[in-house]
Ligand code: HEM
């Protein structure tokens, strides 16, 4: 499916702004085929995959403790790269016993081997969205939703087309609703900073993201529905029931491991919350979205639960991690980068008659585009991807080819591919200009946050994120809104179960 959309939008309330702004948006969902392929190792030695899984039960639990508690995620992988002298090795991935029946995977931790996970002719993606376990379908209305389907399954293409329709249907509202929701967030952060000297970015960001998504994509204001302002907390709890086995909440390790990583939290405890969300989505989807579902041969209930998942899990969950991450990297980049961003954003918008449009961002904001890609490169919000080898094959790292057997599960920890020093100079550093110019363009194919190279797009036949263009757009809009309003800002950073926890300690309003 190729769908291109382009339209004008309305002027949002501008009392808070220094610039008069009306907005337009144009964006596209492309249908280019994936070009990544299984490249058999040519001049490289062909090796057996190093590493072992240890004793049943004991090995996976040892690895789980190392992953969560004794080493931590990054060191867990780094220490094994050193031990095996290889970026490809065997390891158990959490959760393991008693949740996943088989935690054994082959880790791919470099930019050369990772892209095999995008090749749907080489790997099967069925039921691997959350890794080596699958949350109960009673958390998703009894359906296996799109994220868990392999493209070879008959419902994958119609459901993905339905999501393309959802995104395209909401296109007129994206820019004004984004501005409205985030203006409200920034106002409340400012009052908190004025009152208490600091403001927690997370809760307000959650509310702004959910309000924006519901109003832009579904045309419904949660505040005027039975949900009120409860959406974000209902979703966060529901997500915990699905991702708990992969998270740490900061509880004492033995207790946390027993409750969160060894048993599934009973879905019944979250059923009433989920039903409140489902009611909202049932009403919101009625009309064009369910008519499109009819055309695609998708039942109304299956459509509703898929749209709920795409908006609440994929979109809200993604933005809940991505935006604090963006603020963190931008905050750390410091005043000089802030000044350059403010200048770029404001002059491009002014030159366009005060209007923010996709064209203005595309053509007049190279630094905005670059910082967004750089944040997505350094900290891809969904860092782990899995795929089951469809056949015997050789997967190539920079140094060797590795024999993989049909049925083995391949696992990529994406930050190690997108911080690969053999691809990126000063790979661990945030370089604001990294993706500017010809050399920057060349590097885009190594930005993989969407489960595919940034130079390619989602199609009904692949597993690349259906919301790829949307996510890049809202991230750019976030930076635009931030620097239309502020000259600079300061932050403190902590960690949270999902991504970073950011506290704003100063917000300097625009002076030019
Ligand atoms: C920051 C935001 C987001 C991030 C980081 C993100 C990331 C990803 C990743 C990594 C995958 C592949 C997972 C895998 O198969 O291993 C994926 C798939 C998917 N994403 Fe996103 N996503 C985001 C937002 C969205 C949005 C806004 C939508 C809206 C519709 C969306 C819909 C989907 C769907 C439906 C899939 C499954 C695609 C398929 O089965 O072909 N995502 N996303």
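No lab work stands behind these numbers, since they all come straight from the coordinates. Values in this document were obtained by computation on a predicted structure and should not be read as measured data. Neighbour counts run over all protein chains shown; Cβ positions are idealised from the backbone, glycine included.
Summary table below
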| quantity | calculated |
| --- | --- |
| Gap separating the Cα centres of region 402-443 and region 363-379, nearest whole Å | 15 |
| Calculated diffusion of region 242-377, Stokes-Einstein form, Kirkwood radius summed over Cα pairs, 20 °C and 1.002 mPa s, µm²/s | 111 |
| Calculated FRET value between residue 296 and residue 511, using beta carbons and R₀ = 41 Å, to 0.05 | 0.20 |
| Estimated 222 nm signal from helices in the chain, with DSSP H stretches of n ≥ 4 weighted -39500 (n - 2.57), rounded to 500 | -12500 deg cm²/dmol |
| Relative contact order for the chain, counting Cα pairs under 8 Å that sit 6 or more residues apart, in percent | 25 |
| Tilt relative to the chain, helix 468-485 - C-alpha long axis, 0 to 90 degrees, to 10 | 40 |
| Region 81-162: relative contact order in percent, alpha carbon pairs under 8 Å with at least 6 residues between | 22 |
| Exposure proxy ranking, count of Cβ atoms within 10 Å, fewest first, for 508, 328 | 508, 328 |
| The chain: angle of helix 318-333 to the longest principal axis, Cα-based, in degrees nearest 10 | 80 |
| Nearest 10 degrees, 0 to 90: helix 335-351 Cα axis against the chain principal axis | 60 |
| Largest-first principal axis extents of the Cα set of region 414-512 (Å) | 45, 35, 32 |
| Proportion of all alpha-carbon pairs of region 3-509 beyond 29 Å (%) | 51 |
| Distance from region 478-512 to region 310-354 (C-alpha centre basis), Å | 9 |
| Cβ-derived FRET efficiency at R0 30 Å, residue 75 paired with residue 423, nearest 0.05 | 0.85 |
| Relative counts (whole %) of C-alpha pair distances in region 359-415, using bins that are 5 Å wide | 4, 15, 14, 15, 13, 12, 10, 8, 7, 2 |
| DSSP beta bridge pairing in the chain, given as percent antiparallel to the nearest 5 | 80 |
| Burial order of peptide ranges 63-75, 402-414 (average beta-carbon count within 10 Å, highest first) | 402-414, 63-75 |
